[in-house]
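> Encoded as structure tokens, here's the structure I'll be asking about.
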Amino acid sequence: MPTDYYSEVLSPPKLMTLERHIVEGERRHPGATGTFTGLLADLSLAAKVVWKEVSKAGLVNILGATDDENVHGEIRKKLDVYANETIYHAMDHGGHLCVMASEESGGLLKIPDQYPKGKYVMLFDPLDGSANIDANITIGTIFSIFRRKSESGDGTIEDLLQPGNQLAAAGYILYGSSTMFVYSTGSGVHGFTLDPSVGEFLLSNENMHIPEKGKEYSVNEGNYNKWDKKVQRVFDYFKEIDPATNRPYSLRYIGTMVADFHRILLYGGFFAYPPDMKNTEGKLRLTYECIPLSFLAEQAGGKAIDGEMRILDKQPMDIHQRTPIYFGSKEDIETVERLLGG
Ligand code: AHG
Ligand code: MN
Ligand code: MN
């Protein structure tokens, strides 16, 4: 057999695992200790364990509401509880973190006394879009990682209440038609797709960039009559004919913020959860949802605002604080800013 048979037919694909990508990224930072690599490796293991349960959700008796309510007063699903505990226990003993906080838990999640305390803190939404679980619609896990501010010992609430402009890393895991791990450490946004046959997240989307302008908006427009005039004007505007395409913007709304984010990352457009008469700060949580996704939006060349200011410059005052949010294609968000400001 000619030797070039092997090079042409059997040459293996160039594979870049998530872990190798993180190691190589960390190597570019002088003085890096490898802590960050270990931290994200622990998280990718947790992601695979959660994915394993999510993917068989219809098969086992794990669906349905538990009988307690989370701190936001919403009935939570069993998979929320499972994901919350899996992620906590995957991250509590690696020696990388000194405290965590989760959307599903009441207060600070302490690292157990017997384990070493590290120099980072993590906040996470274990399952975003959990109302969609029963309908087999994409859900996800969102995370943020900051360097601690306190010197040593257990992390504090001040370590967790940091503005997004201080983030060390953020990302999400999407449990969709395929499972993806998307992250940024401040050098672009990179996406990895889980190959279940080898059990690895493999680089599939390097340096993702949100198109400058989109063709779609994403909002729960059922709230229209509760919005104030300025917000209504934004969505009236995007229903006008867009000269760039000769048609109005289309509406796309999954009801899983992180899945709507992922579509916008690839196709452009913008997402909004505006304030309304009843919910003057909107619905979404600044710390667990809005800060990490805004960081990723900016890293991908997009923008994220609360209607008045950049989300990443907002100082969180409370761990479960909510905020209005508009994020997506740069040009679209600038149009939103203009319409809200005028
Ligand atoms: P969670 O499942 O973590 O509570 O988040 C649900 C959020 C978000 O993912 C989604 O965009 C939004 O709630 C949908 O809210 P509405 O049903 O009010 O549109
Ligand atoms: Mn959520
Ligand atoms: Mn959630």
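> Give just the number: which of (1) touching a residue at least 60 places away in the same chain (Cβ under 8 Å); (2) closer than 25 Å to LEU340 by Cα; (3) within 16 Å of ligand 2 (Cβ to nearest atom) does VAL231 not satisfy?
Result: VAL231 passes all but (3).
Okay, residues lined up against (1) among the basic types (Lys, Arg); (2) at pLDDT below 95; (3) within 16 Å of ligand 2 (Cβ to nearest atom); (4) on the phi > 0 side of the Ramachandran plot:
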residue: ASP125; (1), (2), (3), (4): no, no, yes, no
residue: ASP128; (1), (2), (3), (4): no, no, yes, no
residue: ASN136; (1), (2), (3), (4): no, yes, no, yes
residue: ILE157; (1), (2), (3), (4): no, no, no, no
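> Return yes or no: is PHE143 among the aromatic types (Phe, Trp, Tyr), more than 16 Å from ligand 2 (Cβ to nearest atom) and in a strand (DSSP E or B)?
The answer is no for PHE143.
> PRO243 versus (1) surrounded by fewer than 19 Cβ atoms within 10 Å (Cβ to Cβ); (2) touching a residue at least 12 places away in the same chain (Cβ under 8 Å); (3) not hydroxyl-bearing (Ser, Thr, Tyr): which is the lone unmet condition?
Of the numbered conditions (1) surrounded by fewer than 19 Cβ atoms within 10 Å (Cβ to Cβ); (2) touching a residue at least 12 places away in the same chain (Cβ under 8 Å); (3) not hydroxyl-bearing (Ser, Thr, Tyr), the odd one out for PRO243 is (2).
> Ok, one more. Out of curiosity, is ILE264 among the hydrophobic types (A, V, I, L, M, F, W, C) and in a loop (DSSP other than H, G, I, E, B)?
When the stated conditions are applied, ILE264 does not pass them.
> For the range 251-261, give me each residue that is surrounded by fewer than 24 Cβ atoms within 10 Å (Cβ to Cβ) and either within 16 Å of ligand 2 (Cβ to nearest atom) or of a type in the set (Ser, Thr, Tyr) (or both).
The answer is TYR253, ILE254, GLY255, THR256, ALA259.
> From the set of residues in the range 112-144 that are among the hydrophobic types (A, V, I, L, M, F, W, C) and crowded, with 24+ Cβ neighbours inside 10 Å, which is nearest to ligand 3 (Cβ to nearest atom)?
LEU127
The values are calculated or read from the model by the stated rules, or taken from the named source; none is laboratory data. None of the values given here were measured: they were computed from a predicted structure. Positions of Cβ are generated from backbone atoms using ideal geometry, with glycine treated the same way; all protein chains shown enter the neighbour counts.
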